[in-house]
Amino acid sequence: MKKSQIALIVTIVVLLLIYFFVAPVNSFVNESVGAMKAVNLEDTIEYIRSYGSVAAVVSFFLMVLQSILSPIPAFLITLSNAAIFGWAWGALLSWSSAMAGAALCFYIARILGRDVVAKITSETALKSLDGFFEKYGKHTILVCRLLPFMSFDIVSYAAGLTSMKFWPFFIATGIGQLPATLVYSYIGQNFGGGGKQLFVGLLSLFAITIVIYIVKSVYNDRNKEKAMD
């Protein structure tokens with residue numbers, strides 16, 4: 001077993017022991033997961049805001065946590081950050097914390113391997129991304145980050161299982177998630193009135209744009225294959 005594997009396993013064990021045997025930590029994590037799994041924006045805003053001067057730290061932790069645990073929606077935290085801290089600071093907080101979470105998932109997969117990642121996520125989800133990586137290679141991360149319905153953490157885990165280097169992954173993640181972060185943050189700050197309709201409309205626009213991009217790429221690839229035959 002490599003030193004990096006041992007170090008990560010020891011870290012995970014220590015964190016689990018803290019979670020199970022330190023009551024305040026156990027309560028905080030359980031409340032955090034419960035608050036976000038409810039997928040209620042108003043409740044999430046109030047939950048983060050309740051921590052007062054350390055609300056930004058709590059939000060950062062929540063974003064990293066959602067990067068590891070699939071059931072927690074990232075956009076909920078991004079919208080909340082904008083509502084609490086304003087458009088610019090909220091976007092910066094959401095973007096930087098998501099980057100930290102993506103890096104963590106990447107290295108968990110790189111160090112512990114596919115069997116462990118399949119237990120954290122699912123083998124079916126990983127297989128669905130295998131085709132993306134085979135077909136689009138280094139462009140897969142950028143494409144997946146732009147898809148609003150693509151699981152953030154599973155993409156990060158899947159990338160860590162490939163031969164992709166960390167920095168290309170990290171840069172593509174940063175670029176790919178920036179547009180959605182900015183849009184969600186703007187909407188989060190102006191969620192009342194027509195903000196909800198704008199939110200749904202932009203999600204649809206993102207999805208349609210990426211679908212067109214993928215279809216076009218597949219069409220071009222098939223034409224190249226036919227030309228080579």
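The values are calculated or read from the model by the stated rules, or taken from the named source; none is laboratory data. Computed from a predicted model, the values in this text were never measured in an experiment. Reconstructed Cβ throughout: ideal geometry from the backbone, glycine too, with neighbour counts over all protein chains shown. In case anyone asks, the SASA skips ligands and DNA or RNA and just uses the protein heavy atoms, side chains included. Shrake-Rupley method; radii C 1.70, N 1.55, O 1.52, S 1.80 Å.
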Worksheet item: Among the residues of segment 130-140, is there at least one that is in a loop (DSSP other than H, G, I, E, B) and either touching a Cys at 6+ places or on another chain (Cβ under 6 Å) or among the basic types (Lys, Arg) (or both)?
Response: no
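Inspect segment 62-73 for any residue being in a helix (DSSP H, G or I) and open to solvent by 70 Å² or more (accessible area, probe 1.4 Å) and give the result as yes or no.
No, there is no match, as no residue in segment 62-73 is in a helix (DSSP H, G or I) and open to solvent by 70 Å² or more (accessible area, probe 1.4 Å).
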Discussion item. Here's a check for you: in segment 105-136, which residue that is β-branched (Val, Ile, Thr) and more than 17 Å from the chain's Cα centre (by Cα) is most open to solvent (accessible area, probe 1.4 Å)?
Written reply: Thr124
Worksheet, complete the sentence: Across (1) at pLDDT 95 or above; (2) over 11 Å from the mean Cα position of the chain (by Cα); (3) open to solvent by 30 Å² or more (accessible area, probe 1.4 Å), Trp95 clears everything bar (2)
Item to complete: Determine whether segment 50-57 contains at least one residue that is of a type in the set (Gly, Ala, Ser), within 30 Å of Ala159 (Cα to Cα), open to solvent by 20 Å² or more (accessible area, probe 1.4 Å) and modelled with pLDDT of 90 or more.
Response: yes
Practice prompt. Test Val64 against the criterion of being within 15 Å of Tyr157 (Cα to Cα) and among the aliphatic types (A, V, I, L, M), and give yes or no.
Written response: yes
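Give the number of residues within segment 10-34 that are among the hydroxyl-bearing types (Ser, Thr, Tyr) and within 18 Å of Ser59 (Cα to Cα).
2
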Fill in: When residues of segment 15-34 are limited to those that are aliphatic (A, V, I, L, M) and at pLDDT 85 or above, the one surrounded by the most Cβ atoms within 10 Å (Cβ to Cβ)
Val29
Worksheet item: Which one of these is farther than 18 Å from Phe132 by Cβ and not polar (S, T, N, Q): Val155, Val183?
Response: Val183
Discussion item. Going residue by residue through segment 143-164, is there one that turns out to be farther than 24 Å from Glu42 by Cα, open to solvent by 40 Å² or more (accessible area, probe 1.4 Å), part of a helix (DSSP H, G or I) and without any contact (Cβ under 8 Å) to a residue 60 or more places away in the chain?
Written reply: no
Discussion item. Condition (residue is touching a Phe, Trp or Tyr at 6+ places or on another chain (Cβ under 9 Å), in a helix (DSSP H, G or I), under 15 Å from Tyr184 (Cα atoms) and open to solvent by less than 40 Å² (accessible area, probe 1.4 Å)) applied to segment 35-47: is it met by at least one residue?
Written reply: yes
Worksheet item: Tell me, which residue of segment 165-185 that is surrounded by fewer than 19 Cβ atoms within 10 Å (Cβ to Cβ) and in contact (Cβ under 8 Å) with a residue 60 or more places away in the chain is nearest to Phe85 (Cα to Cα)?
Response: Leu182
